[in-house]
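For reference, the structure discussed in these notes is given below.
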Amino acid sequence: MNKLISICIAALLMSAINLSLAAEKAATNKVDFFTTDGIHLSLNGKPYYVVGSNMWYGGYLGSGGAVGDRARLLKELDNLKAIGINNLRVLAVSEKSELNSAVHPATTNGFGQHDEELLAGLDFLLAEMAKRDMSIVIYLNNFWQWSGGMTQYMSWIDGKPVQDPNVTNDWEGFMEKSASFYQSKKAQTEWRKTIKKIVTRVNTITGKSYINDPTILSWQLANEPRPGNSKASEKEKSIYVKWINETAKYIHELDSNHMVSTGSEGLMGSTNDEKLFIDAHASPYINYLTYHMWVRNWSWYDQKNPEKTWDVALQRGTHYLHHHIDIARKMNKPIVLEEFGLDRDMGAYDTKSTTHYRDKFYRIVFDTLYNRAKNGDAIAGYNFWAWNGEARTIRENFWWKTGDDFMGDPPQEQQGMYGVFDSDISTILIIKEYAEKMHALK
Ligand code: IFL
């Protein structure tokens, strides 16, 4: 074919694609996309409260292949909907890893090698969530190793195997390696290709482009990105802030309909540097703030010694909540507590063990956020970590292996550690009670 003719055909094809995106957008105009209004999230001109759970594996269950379990996914969504959950925080992509503490299979098997059957699981999930009027936050990378994540990108580039911090216990070294991702040109180029692939995807089930799908509340850069390890330098911090700003800008350029968030843990993921947390969220391309609260991970609470450590944990935990809400107000942006959790009693993993302390903890977190939301403060909602639903482990040591049920506890942690099972009735009743209160705020 002569060159001029092929250029003309390409131009015609591009304008046909643009026309169909515009027509699709016009058809969805009845429903607004999520946005912000000062310190609140907003939908159709009204405040929107995220009453959510984490379910990183939602796309995995949605796959039509051997890994998926669509029948289970539908049951889980129905159960979550029935207890008032309106939002899920979900992993979009995983990178193939050799580590035992990472999920298998992965959506990306090497640069540019995507598992389309697994990716289509996210299509199914989105379609089913839309039917249930639920929204989704989709994260596009992971600072931790359980889905491959940033260290796997770096391993593909330097050819060196990832050191599993679950084995070496060298978390400082791991975090340093993970954060080197922000500075690698090759990693950023490859990652942006994946971002583009997901953000501009057309849902194979509904035929709707993701860009025009109002189910998506926000694109999230990564799960818990940190600037480096606990001793991150000022230079590393500024590289991190620049990375956030530039990547968020890139996503907004691809998709002007949806918000973008960081996935940050807040001050504890920012070397306790308030200026850094503020700088990271001051970008005009970051629409709202995020933070996470892990009182046991941060040694504020000892699950084996609850009586002695509970009061201090609670005091530090509630201070952490209030402090972040106050920062959000000052910045005039909404804030979502998008992860929190506590162990089952005495650090058990078994579904038969009790959850008295967890239940007390959930109630206090919900109540603190609800009361401040009622006062009109900068509360955009919460996602508890995480929904295990009907998943059960078959392993005595509670570690995940390929082929096991997926649950909210990712493969880097014991199965049953923080997740809520569908048999945890006392916890579920508290989740439902506060979901109703939050929904009544509108
Ligand atoms: O499973 C962890 C997950 O990687 C996360 N934050 C804390 C969770 C519980 O330790 O994002």
Inset, instruction - Identify the residue in region 368-425 that is under 28 Å from Ile39 (Cβ atoms) and in a loop (DSSP other than H, G, I, E, B) and, among all such residues, is nearest to the ligand (Cβ to nearest atom). - result: Trp385
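For every residue, the table says whether it meets (1) more than 30 Å from Glu190 (Cα to Cα); (2) among the acidic types (Asp, Glu).
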{"site": "Leu254", "(1), (2)": "no, no"}
{"site": "Ala280", "(1), (2)": "no, no"}
{"site": "Tyr288", "(1), (2)": "no, no"}
{"site": "Glu307", "(1), (2)": "yes, yes"}
{"site": "Val312", "(1), (2)": "yes, no"}
{"site": "Gln315", "(1), (2)": "yes, no"}
{"site": "Asp326", "(1), (2)": "yes, yes"}
{"site": "Tyr349", "(1), (2)": "yes, no"}
{"site": "His356", "(1), (2)": "yes, no"}
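Residues being within 16 Å of the ligand (Cβ to nearest atom), closer than 20 Å to Val50 by Cβ and not acidic (Asp, Glu): count how many of those fall in region 254-289. Write out each step before concluding.
Pass one, region 254-289, residues within 16 Å of the ligand (Cβ to nearest atom): 261-270.
Pick out the ones that are also closer than 20 Å to Val50 by Cβ and you get 261-266, 269.
Going one step further and asking which of them are not acidic (Asp, Glu), we end up with 261-264, 266, 269.
The qualifying residues number 6.
I'd like the full set of residues that are more than 12 Å from the ligand (Cβ to nearest atom) and in contact with a helix residue (DSSP H, G or I) (Cβ under 8 Å, 6 or more places away or on another chain), limited to region 290-302. Quick ask: steps written out before the conclusion?
Step one: filter region 290-302 for residues more than 12 Å from the ligand (Cβ to nearest atom), giving 299-302.
Of everything in region 290-302, those that are more than 12 Å from the ligand (Cβ to nearest atom) and in contact with a helix residue (DSSP H, G or I) (Cβ under 8 Å, 6 or more places away or on another chain) turn out to be Trp300, Tyr301, Asp302.
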Inset, instruction - Tell me which residues, restricted to region 157-201, are surrounded by fewer than 19 Cβ atoms within 10 Å (Cβ to Cβ) and of a type in the set (Phe, Trp, Tyr). - result: Trp171
Inset, instruction - For Asp359, work out the one condition from (1) more than 16 Å from the ligand (Cβ to nearest atom); (2) without any contact (Cβ under 8 Å) to a residue 40 or more places away in the chain; (3) closer than 22 Å to Leu337 by Cβ it doesn't fulfil. - result: (2)
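Yes or no, residue by residue, for (1) touching a residue at least 12 places away in the same chain (Cβ under 8 Å); (2) closer than 20 Å to Asn54 by Cβ; (3) crowded, with 22+ Cβ neighbours inside 10 Å:
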{"residue": "Glu396", "(1), (2), (3)": "no, no, no"}
{"residue": "Asp405", "(1), (2), (3)": "yes, yes, no"}
{"residue": "Gln414", "(1), (2), (3)": "yes, yes, no"}
{"residue": "Gly419", "(1), (2), (3)": "yes, yes, yes"}
{"residue": "Ser423", "(1), (2), (3)": "yes, yes, no"}
{"residue": "Thr427", "(1), (2), (3)": "yes, yes, no"}
{"residue": "Glu436", "(1), (2), (3)": "yes, no, no"}
{"residue": "Leu441", "(1), (2), (3)": "yes, no, no"}
Legend entry - Looking only at region 303-352, and only at residues there that are acidic (Asp, Glu) and either within 16 Å of the ligand (Cβ to nearest atom) or at pLDDT below 95 (or both), the one that is nearest to Glu396 (Cα to Cα): Asp343
Legend entry - Candidate set from region 40-79 (those that are assigned to a helix (DSSP H, G or I) and hydrophobic (A, V, I, L, M, F, W, C)); member that is nearest to Lys333 (Cα to Cα): Leu77
Inset, instruction - With the checklist (1) surrounded by 14 or more Cβ atoms within 10 Å (Cβ to Cβ); (2) more than 30 Å from Pro284 (Cα to Cα); (3) small (Gly, Ala, Ser) in hand, flag the one item Ala328 doesn't pass. - result: (2)
Inset, instruction - Could you please tell me which pairs satisfy a Cβ distance under 7 Å, a separation of 6+ or placement on different chains, a first residue in region 163-192 that is acidic (Asp, Glu), and a second residue that is in a helix (DSSP H, G or I)? - result: Asp164/Gln145; Glu190/Tyr153
Legend entry - Subset of region 303-315 (residues that are loosely packed, with under 15 Cβ neighbours inside 10 Å and assigned to a helix (DSSP H, G or I)): Glu307, Lys308, Asp311, Val312, Gln315
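The values are calculated or read from the model by the stated rules, or taken from the named source; none is laboratory data. Remember, predicted model here, so these are calculated numbers, not experimental data. Quick reminder, even Gly has a Cβ in these numbers, built from the backbone with ideal geometry, and neighbours come from all protein chains shown.
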